[in-house]
Every structure is written in C-alpha cells, then in structure tokens.
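> Shown below is the structure under consideration.
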Amino acid sequence: MLQSQLFTKTRKEAPKDEVTTNAQLLIRAGFVHKEMAGSYSYLPLGRRVLLQIESIVRDEMDRIGGQEVRMATLQPSEPWKQTGAWDKVDVIFKINSRTEKEYTIGQSAEEIVTPIAQEYVRSYKDLPVAVYQIGQKYRDELRAKSGIMRGREFSMKDMYSFHETQEDFDRFYAIAKEAYLKVYKRCGLVAKVTEASGGSFTEKLSYEFMVLTGAGEDDILYCDACSYCVNAEITKQQEADACTRCNKGTLARAKASEVGNIFDLGIKYPKDFGFTYKNKEGEDAYPIMGCFGIGITRLMGVIAEALSDDGGLVWPESVAPYRVHLISLATDDLEVSSTANLLYDALLDLGVDVLYDERKGVSAGEKFNDSDLIGIPLRVIVSKKTLAEGKFEIKHRASGESEWVSREDLLARFV
C-alpha cells in the first residue's frame, strides 16, 4: 500500500474527549473514527488488525472442533421472553417496528443458537457439538468508556457448546481454556484465568481471561507463585493474603482488562426451550450447555493499551496491519526512489504486506514519527546514506534496535 494513497492521515494531537491510551493512539494513528461514546468505525488500518485477530481466533476455534456459523443480528423478542431475559437483562436494545412487533439486536446468542441446535441434536450420537460466530454485538451500556475496550457496539467471537454430561463439558472447557491462552499468546499478550461471578448468565462460577493493564476496569487478586487468580469483587480475600491454592505465594492486586470468558450454562437454556435429546438409555435428557466469548475489538484495544510506548502503537507481527513499513527518504533523488520502488515490488512478490511511505515533501522526522505512531513491527529505510553503504537500515519497532543488511539478506527473511 502506498502511504500517499492511504485513506487516513495521522494527527499530532489526541482527541480531547478520550482519556484512554488505546483510543487516543488508535484515533491519532488513523485506525478508528469515533462516532459517539461506545461506537467506533474501523478504518483501513484498524480493519486489517481486526482481520488478523479474527484469523487467529478462527484458527484456534477450528482446531478444537468449533464450526463457524453466522447467526441473525436482528432477533425476535419471543425467545428472549421465553428465557426471561427480555425483562431481566437491562443492556439489551429493544426495537419497536412499524408493524408493532418487538425486536432486539443481539448482545449474545443463547436465545438464537439453542433453538437452532434443537433442530439438529436429537440423539447422544449428535453430541458434543460446538458452533461459533464472529460478528457485531450491541449492548445498551450506561457508561461506555475505555475507548474500544468497552462499547455499545463491538465485535465478538461467541461459541456455544452442547454436551451429554457435566464431565464432557469439563473436558471441553479444559481444551477451550488452552485454546484461549494460545490466542492471547499469539496476539502478544499474557492472560490470567480468573474466577468470577457468572453475572446475568448463570449462578455458577465463570472464568474470565484477564490481561494486566492500567486501563483495566477490573481489580484482580493473583498469586505470585502459582496461576491462581480471582476477581476481587467476588472474594473475601485481600491483597497480601496467603494463596489458598498453593500455600506458597501471596496475593497481589492489579488492574486488569477482560479479554474473554467461559460460562457453564448448565441446562438453563435447553430447559427453557424444551430442548431434549435421547440418551444412551433411550430417555429424554437436557444437554449441558457452555458459552465461550472473546471480544475481538476489545482484544485490539487491550493490545494497543498494553504494548504501546511513548512513540505510539507497537503491534506484534501476528496482528499488525502490515508486516513492513518501507520508508523512502530523499524522494526527489532518482536513485533513492528507484531503489525503494524495486524493493517494494520485490517484497510484494514475496507476499509480504508492506506500507510504503513514498510521500514527497514530508521530512524524515515526520515520516519516522508517523511510523512510530502506526506501530508496524519492521521499518526498512532507503536513503542516500543506505545507498552509500550498499545496505538497508532496519529498525525493530518493539525493541528500537537497528541493523544494516544487504538486499539479499533482507529478502531472504521473507522467503
């Protein structure tokens, strides 16, 4: 992509109505555009990051047997009334049509997926099964804040599984838990599995996946010697208490942001819809149901928040909008421009995603500042100085380290 043709431009000043790092940097760098509190448009750079995150999530969900679907966003009120959520869940949007019918735009899909599964799961031989979708969700949040980390409109992966027994759900939960941890690791994050309340979904204990960040909305207590972690709101434990799991460490308190959750829904939704299957004894039984969520846009915001620095965004290669930021200095010099153009074409031929800053009339300092702000992992510089050396200068965004390599060695990295 030629940067001179990029739809967006960077801006020096952060918007005055944004206080979180993720929103300030993402807007300044041209990744998102704020429509109102809790609602953002994702621009070309931002959309590319979302696609990368979606690809990682999709890969890990497919690996554990999830099957992707696309459920309706506009939903009738009847199934929500059947489960009691229409009156109990205060964050759902309610829409009255011209025909005097009531609808909602989905904030989750338990009320939709359960009747669908009911049509296809009739025997124990049809279980277990897990389906997921990646799409927009809507919640009538009273205080939408934290940039794209907490919104009224957001992108989410929600997966729903159905099982014969509690033991089989627990088996799948353990598999899904490891898949979630792989997702976060591939996105450059370390997440803690945190015990939490099931909230409006279930009275059972649920599990949240938390990333430590100062912009987090949750307080957690975690052990400094083992993996134990709990949401501070549901526990009587205090900071500096001894860990009750390992009896070795002490609990530390920290701000964290939720990037995923797992709920054991039991038989609530199957029972609400009269959804039974024939078990091995030929008797009618309700399947055990689970819900597994990952906030896609929230995850993007947490990455921006947790991995940024004073210069701007610092994307891991796995989710970066482009792999290489090629910068041509002295663009009025024919040899510099020609060399940069040829390198750009060579990288594209190798299938490398490249943002090529060939803008004329823009100073080196401005190009470098923009590059830091946008946060692409690898910066490759072409200038009169590099031509004199017969090499290219490479700067790694995360470490700030630079190196000089030949054209052959540079291209060999992407073969």
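> Out of the stretch 109-133, which residues are under 26 Å from the mean Cα position of the chain (by Cα) and hydrophobic (A, V, I, L, M, F, W, C)? If you could, list the steps in order and put the result at the bottom.
Within the stretch 109-133, the first condition is being under 26 Å from the mean Cα position of the chain (by Cα), and the residues that meet it are 109-114, 129-133.
Within the stretch 109-133, A109, I112, V113, V129, A130, V131 meet the criteria.
> Test A37 against the stated conditions and say whether it is more than 25 Å from K185 (Cα to Cα) and modelled with pLDDT under 95. Outline the logic, then answer.
Values: more than 25 Å from K185 (Cα to Cα): yes; modelled with pLDDT under 95: yes.
For A37, the condition - more than 25 Å from K185 (Cα to Cα) and modelled with pLDDT under 95 - is met.
> For the stretch 1-57, name all the residues that are among the hydroxyl-bearing types (S, T, Y), in a loop (DSSP other than H, G, I, E, B) and within 18 Å of F368 (Cα to Cα). Walk me through how you get there before you give the answer.
Here is the first cut: in the stretch 1-57, the ones among the hydroxyl-bearing types (S, T, Y) are 4, 8, 10, 20-21, 39-42, 55.
Filter again for in a loop (DSSP other than H, G, I, E, B), leaving 8, 10, 20.
T8, T10, listed by residue number.
> Might you let me know whether the stretch 186-195 holds any residue that is under 17 Å from C229 (Cβ atoms), touching a helix residue (DSSP H, G or I) at 6+ places or on another chain (Cβ under 9 Å) and of a type in the set (D, E, K, R)?
Step one: of the stretch 186-195, the residues under 17 Å from C229 (Cβ atoms) are 189-195.
Now restrict to residues that are touching a helix residue (DSSP H, G or I) at 6+ places or on another chain (Cβ under 9 Å): 189-191, 193, 195.
Those left that are additionally of a type in the set (D, E, K, R): 195.
Among the residues of the stretch 186-195, at least one is under 17 Å from C229 (Cβ atoms), touching a helix residue (DSSP H, G or I) at 6+ places or on another chain (Cβ under 9 Å) and of a type in the set (D, E, K, R), which makes the answer yes.
> Go through T331, T339 for me and flag whichever is of a type in the set (V, I, T) and free of Cβ contacts under 8 Å to residues at least 40 places away in the same chain. Quick ask: steps written out before the conclusion?
Numbers: T339 fails: free of Cβ contacts under 8 Å to residues at least 40 places away in the same chain.
Of the residues listed, the single one that is of a type in the set (V, I, T) and free of Cβ contacts under 8 Å to residues at least 40 places away in the same chain is T331.
> Filter the stretch 279-291 for residues that are surrounded by 15 or more Cβ atoms within 10 Å (Cβ to Cβ) and either part of a strand (DSSP E or B) or in contact with a strand residue (DSSP E or B) (Cβ under 6 Å, 6 or more places away or on another chain) (or both) and give the result.
Initial filter on the stretch 279-291 (surrounded by 15 or more Cβ atoms within 10 Å (Cβ to Cβ)): 279, 285-291.
Matches in the stretch 279-291: N279, A285, P287, I288, M289, G290, C291.
> Something else: If only one of L51, L74, L43 is assigned by TED's automatic domain parsing to the domain that holds I296, without any contact (Cβ under 8 Å) to a residue 40 or more places away in the chain, crowded, with 18+ Cβ neighbours inside 10 Å and of a type outside the set (D, E, K, R), which one is it?
On the way: L51 fails: crowded, with 18+ Cβ neighbours inside 10 Å; L74 fails: crowded, with 18+ Cβ neighbours inside 10 Å.
After ruling out the rest, the residue left standing is L43.
> Here is a further query. Among the residues in the stretch 298-319, are any outside any loop (DSSP other than H, G, I, E, B), over 30 Å from V380 (Cβ atoms) and touching a helix residue (DSSP H, G or I) at 6+ places or on another chain (Cβ under 6 Å)? Can you show your working first?
In the first step, residues of the stretch 298-319 are kept if they are outside any loop (DSSP other than H, G, I, E, B); the result is 298-307, 309, 312.
Still in the running and over 30 Å from V380 (Cβ atoms): 298.
Within this subset, residues satisfying the condition of being touching a helix residue (DSSP H, G or I) at 6+ places or on another chain (Cβ under 6 Å) are 298.
Scanning the stretch 298-319, I find at least one residue that is outside any loop (DSSP other than H, G, I, E, B), over 30 Å from V380 (Cβ atoms) and touching a helix residue (DSSP H, G or I) at 6+ places or on another chain (Cβ under 6 Å), so the answer is yes.
> Which of the residues belonging to the stretch 320-337 are modelled with pLDDT of 95 or more and not in a helix (DSSP H, G or I)?
A320, P321, Y322, R323, V324, H325, L326, I327, S328, L329
> Report the residue count in the stretch 119-165 for those that are surrounded by fewer than 17 Cβ atoms within 10 Å (Cβ to Cβ), within 20 Å of D90 (Cα to Cα) and either among the small types (G, A, S) or without any contact (Cβ under 8 Å) to a residue 40 or more places away in the chain (or both).
Here the count works out to 2.
> Check T297 against each of (1) within 21 Å of R48 (Cα to Cα); (2) not assigned by TED's automatic domain parsing to the domain that holds P270 and name the one condition it does not meet.
So the condition that T297 fails would be (2).
> Among (1) touching a residue at least 40 places away in the same chain (Cβ under 8 Å); (2) in the same structural domain as Y222 (by TED's automatic domain parsing); (3) in contact with a Ser or Thr (Cβ under 6 Å, 6 or more places away or on another chain), which single condition is D284 missing?
(1)
> For the stretch 354-398, name all the residues that are within 25 Å of D310 (Cα to Cα), part of a loop (DSSP other than H, G, I, E, B) and without any contact (Cβ under 8 Å) to a residue 40 or more places away in the chain.
V362, S363
> Quick one: in the stretch 202-248, of everything that is in contact with a Cys (Cβ under 9 Å, 6 or more places away or on another chain) and aromatic (F, W, Y), which residue is nearest to P270 (Cα to Cα)?
Per the criteria, the residue is Y228.
> I'm checking my understanding of the structure. Among residues of the stretch 27-43 that are of a type in the set (A, V, I, L, M, F, W, C) and in contact with an Asp or Glu (Cβ under 9 Å, 6 or more places away or on another chain), which one is farthest from M300 (Cα to Cα)?
Result: A37.
> Identify, from the list T235, T276, T213, the residue that is hydroxyl-bearing (S, T, Y) and free of Cβ contacts under 8 Å to residues at least 12 places away in the same chain. Let's see the steps before the verdict.
Working: T235 fails: free of Cβ contacts under 8 Å to residues at least 12 places away in the same chain; T213 fails: free of Cβ contacts under 8 Å to residues at least 12 places away in the same chain.
Going through T235, T276, T213 in turn, just one is hydroxyl-bearing (S, T, Y) and free of Cβ contacts under 8 Å to residues at least 12 places away in the same chain: T276.
> Determine whether K16 is in contact (Cβ under 8 Å) with a residue 12 or more places away in the chain and either in contact with a strand residue (DSSP E or B) (Cβ under 9 Å, 6 or more places away or on another chain) or surrounded by fewer than 13 Cβ atoms within 10 Å (Cβ to Cβ) (or both). Steps first, answer last, please.
Values: in contact (Cβ under 8 Å) with a residue 12 or more places away in the chain: no; either in contact with a strand residue (DSSP E or B) (Cβ under 9 Å, 6 or more places away or on another chain) or surrounded by fewer than 13 Cβ atoms within 10 Å (Cβ to Cβ) (or both): yes.
Spelling it out, it is not the case that K16 is in contact (Cβ under 8 Å) with a residue 12 or more places away in the chain and either in contact with a strand residue (DSSP E or B) (Cβ under 9 Å, 6 or more places away or on another chain) or surrounded by fewer than 13 Cβ atoms within 10 Å (Cβ to Cβ) (or both).
The values are calculated or read from the model by the stated rules, or taken from the named source; none is laboratory data. Please read all numbers here as calculations on a predicted model, not as lab measurements. Cβ: placed from backbone, ideal geometry, glycine included. Neighbour counts: every protein chain shown.
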